[in-house]
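Trainee: Handing you a structure now.
The values are calculated or read from the model by the stated rules, or taken from the named source; none is laboratory data. None of the values given here were measured: they were computed from a predicted structure. When we count neighbours, we look across all protein chains shown, and the Cβ atoms used for this are built from the backbone with ideal geometry, even at glycine. Please note that ligands, DNA and RNA were not included when accessible areas were found on the heavy atoms of the full protein model with its side chains. Shrake-Rupley method; radii C 1.70, N 1.55, O 1.52, S 1.80 Å.
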Amino acid sequence: MDKKLIGVDLGGTTTKFAILTVAGDIQQRWSIDTNILDEGAHIIPDIIASINHHVKLYDMTADQFAGIGMGSPGTVDRALGTVIGAYNLNWKTLQQAKKEIEAGTGIKFAIDNDANVAALGERWKGAGNNDDNVAFVTLGTGVGGGIIADGHLLHGTAGSAGEIGHVTIDPEGYLCTCGKKGCLETVASATGVVRVARDMAEEFAGTSQLKQILDDGNEISSKITFDLAKQGDPLAVMVVDKVAKYLGIALGNVGNTLNPAFIVIGGGVSAAGTFLLDQVQAYFNEYTFPQVRDTTQLKLAELGNVAGVIGAASLALEFV
């Protein structure tokens, strides 16, 4: 009988689970709230309990599973199966994820960084068409990334490969939480788009609904900004153009350096769809040399919020 895989996508608010076939087809999925109280001490026990409960619920046993794969925030040591510094989980000390989950479930366990895992998901079953060369960038509350080159997920010497969010797009730009100036994350994340809009609104003299909302002291979001740009609001159009230019520079450099078949754009900001993609594409074409421009394709992510569990499950293919 073909063994099954379990994918776990650990996030700061919810933890998503799925049972998949080795071909990557989801058979069952569920989620639980992530309890980050007491320095995240409940997170791993809750994951173990939820897996064991569902394995029993579906009349299955541990030996029917090849393995569990998990994507986690923070700094992951893949060999040791540990995580440290996942601040959105309150994990300040070293977490023995592999040791505890294997002991608690009786199933083999593999782990990687959450952005890498989403990249693996999109590459395997989504926009990456299972190609050997795929770069993935996720535009959410931050900007993350993952790179598959010649069939291998790149990790780098400190596990920081693929951190596209920290590519410098403006040396005189905004200060990033990483301590450096002008990171892509400071302008292309959901909060970054709002920051660009606020700054441009101060210098904007014409009539604009976006400026009106800001001048009235009301909150805006990246979604509001994109929606107004689609309606032709002059300030919003300028903001989106600027964000698209910064993305075009960063992704152009990813293309020029790696020449992937696909650069896949996901995360909440990518919900702006082809409206954003077409503008990024125009700048990408401007900032890439011909061989890359003609062979590297920008695409929107296709898997939405299941990219994480699918990519996580693919980590467990090593046990098949």
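Trainee: So which residues in the range 197-215 are without any contact (Cβ under 8 Å) to a residue 40 or more places away in the chain and in a helix (DSSP H, G or I)? Write out each step before concluding.
Mentor: First pass over the range 197-215, keeping only residues without any contact (Cβ under 8 Å) to a residue 40 or more places away in the chain: 198-199, 201-215.
Answer for the range 197-215, where residues must be without any contact (Cβ under 8 Å) to a residue 40 or more places away in the chain and in a helix (DSSP H, G or I): Arg198, Asp199, Ala201, Glu202, Glu203, Gln209, Leu210, Lys211, Gln212, Ile213, Leu214, Asp215.
Trainee: Shifting gears a bit: When the residues of the range 200-230 are narrowed to those that are closer than 30 Å to Arg293 by Cα and of a type in the set (S, T, N, Q), which ends up most open to solvent (accessible area, probe 1.4 Å)?
Mentor: Ser222
Trainee: Also: So Val187 fits all but one of (1) surrounded by fewer than 21 Cβ atoms within 10 Å (Cβ to Cβ); (2) among the hydrophobic types (A, V, I, L, M, F, W, C); (3) farther than 26 Å from Arg78 by Cβ; what number is the exception?
Mentor: (1)
Trainee: Among the candidates Gly85, Gly159, Gly140, single out the residue that is touching a Phe, Trp or Tyr at 6+ places or on another chain (Cβ under 9 Å), surrounded by fewer than 20 Cβ atoms within 10 Å (Cβ to Cβ) and modelled with pLDDT under 95.
Mentor: Working: Gly159 fails: touching a Phe, Trp or Tyr at 6+ places or on another chain (Cβ under 9 Å); Gly140 fails: touching a Phe, Trp or Tyr at 6+ places or on another chain (Cβ under 9 Å).
Only one candidate passes the filter, namely Gly85.
Trainee: For Val83, which of the numbered conditions (1) part of a helix (DSSP H, G or I); (2) farther than 20 Å from Leu20 by Cα fails to hold?
Mentor: (1)
Trainee: So for the range 1-21 (the condition being at pLDDT 95 or above, over 29 Å from Leu139 (Cα atoms) and of a type in the set (A, V, I, L, M)), does at least one residue qualify?
Mentor: No - not one qualifying residue is present in the range 1-21.
Trainee: Please work out which one of (1) part of a helix (DSSP H, G or I); (2) without any contact (Cβ under 8 Å) to a residue 40 or more places away in the chain is the condition Asn218 fails and give its number.
Mentor: The number of the failed condition is (1).
Trainee: Then there is this: Tell me, which residue of the range 45-72 that is of a type in the set (Val, Ile, Thr) and not in a strand (DSSP E or B) is farthest from the chain's Cα centre (by Cα)?
Mentor: Residues of the range 45-72 that are of a type in the set (Val, Ile, Thr), as a first pass: 47-48, 51, 55, 61, 68.
Still in the running and not in a strand (DSSP E or B): 47-48, 51, 55, 61.
Working: Ile47: 21, Ile48: 24, Ile51: 24, Val55: 28, Thr61: 32 Å.
Step by step, filter the range 45-72, then rank; the result is Thr61.
Trainee: Restricting to the range 240-256, and then to whatever is of a type in the set (A, V, I, L, M, F, W, C) and within 15 Å of Gly173 (Cβ to Cβ), can you tell me which residue is most open to solvent (accessible area, probe 1.4 Å)? So that I can check it myself, show each step before the final result.
Mentor: Initial filter on the range 240-256 (of a type in the set (A, V, I, L, M, F, W, C)): 240, 243-244, 247, 249-251, 254.
Still in the running and within 15 Å of Gly173 (Cβ to Cβ): 243, 247, 249-250.
On the way: Val243: 2, Leu247: 2, Ile249: 41, Ala250: 1 Å².
That would be Ile249.
Trainee: Against the definition (touching a strand residue (DSSP E or B) at 6+ places or on another chain (Cβ under 7 Å) and either open to solvent by 10 Å² or more (accessible area, probe 1.4 Å) or more than 29 Å from Gly162 (Cα to Cα) (or both)), how does Ile51 come out, yes or no?
Mentor: On the way: touching a strand residue (DSSP E or B) at 6+ places or on another chain (Cβ under 7 Å): yes; either open to solvent by 10 Å² or more (accessible area, probe 1.4 Å) or more than 29 Å from Gly162 (Cα to Cα) (or both): yes.
Yes; evaluated as a whole, the condition is true for this residue.
Trainee: Within the range 263-274, can you find the residues that are open to solvent by 60 Å² or more (accessible area, probe 1.4 Å) and farther than 14 Å from Ala190 by Cβ?
Mentor: Thr274
Trainee: Which one of these is under 16 Å from the mean Cα position of the chain (by Cα) and assigned to a helix (DSSP H, G or I): Leu247, Leu276, Leu228, Leu235? Steps first, answer last, please.
Mentor: Numbers: Leu276 fails: under 16 Å from the mean Cα position of the chain (by Cα); Leu228 fails: under 16 Å from the mean Cα position of the chain (by Cα); Leu235 fails: under 16 Å from the mean Cα position of the chain (by Cα).
Leu247 is the lone residue from the list that is under 16 Å from the mean Cα position of the chain (by Cα) and assigned to a helix (DSSP H, G or I).
Trainee: Can you tell me which residues in the range 250-273 are among the small types (Gly, Ala, Ser), part of a loop (DSSP other than H, G, I, E, B) and closer than 18 Å to Asn133 by Cβ? Full working, then the answer.
Mentor: Going residue by residue through the range 250-273, those that are among the small types (Gly, Ala, Ser) are 250, 252, 255, 261, 266-268, 270-273.
This time we only want the ones that are part of a loop (DSSP other than H, G, I, E, B), so: 261, 267, 273.
Answer for the range 250-273, where residues must be among the small types (Gly, Ala, Ser), part of a loop (DSSP other than H, G, I, E, B) and closer than 18 Å to Asn133 by Cβ: just Ala261.
Trainee: State the number of residues belonging to the range 275-313 that are open to solvent by 20 Å² or more (accessible area, probe 1.4 Å) and closer than 30 Å to Phe109 by Cα.
Mentor: Initially, the range 275-313 is screened for residues open to solvent by 20 Å² or more (accessible area, probe 1.4 Å), giving 275, 277-279, 281-283, 285-287, 289-291, 293-295, 297, 299-306.
This time we only want the ones that are closer than 30 Å to Phe109 by Cα, so: 301-306.
Counting residues in the range 275-313 that are open to solvent by 20 Å² or more (accessible area, probe 1.4 Å) and closer than 30 Å to Phe109 by Cα gives 6.
Trainee: Here's something else I'd like to know. Would you confirm whether or not the range 300-316 contains a residue that is more than 20 Å from the chain's Cα centre (by Cα) and modelled with pLDDT of 95 or more?
Mentor: So the first thing to find is which residues in the range 300-316 are more than 20 Å from the chain's Cα centre (by Cα), and the list is none.
No, the conditions are met nowhere in the range 300-316.
Trainee: Give the residues of the range 171-184 that are of a type in the set (D, E, K, R) and either open to solvent by less than 90 Å² (accessible area, probe 1.4 Å) or in contact with a Phe, Trp or Tyr (Cβ under 6 Å, 6 or more places away or on another chain) (or both), sorted by residue number. First the steps, then the outcome.
Mentor: Step one: of the range 171-184, the residues of a type in the set (D, E, K, R) are 172, 180-181.
Correct list: Lys180 only.
Trainee: Out of the range 100-143, which residues are among the polar types (S, T, N, Q) and either in a strand (DSSP E or B) or within 28 Å of Thr177 (Cβ to Cβ) (or both)?
Mentor: So the first thing to find is which residues in the range 100-143 are among the polar types (S, T, N, Q), and the list is 105, 113, 116, 129-130, 133, 138, 141.
Across the range 100-143, the qualifying residues are Asn113, Asn116, Thr138, Thr141.
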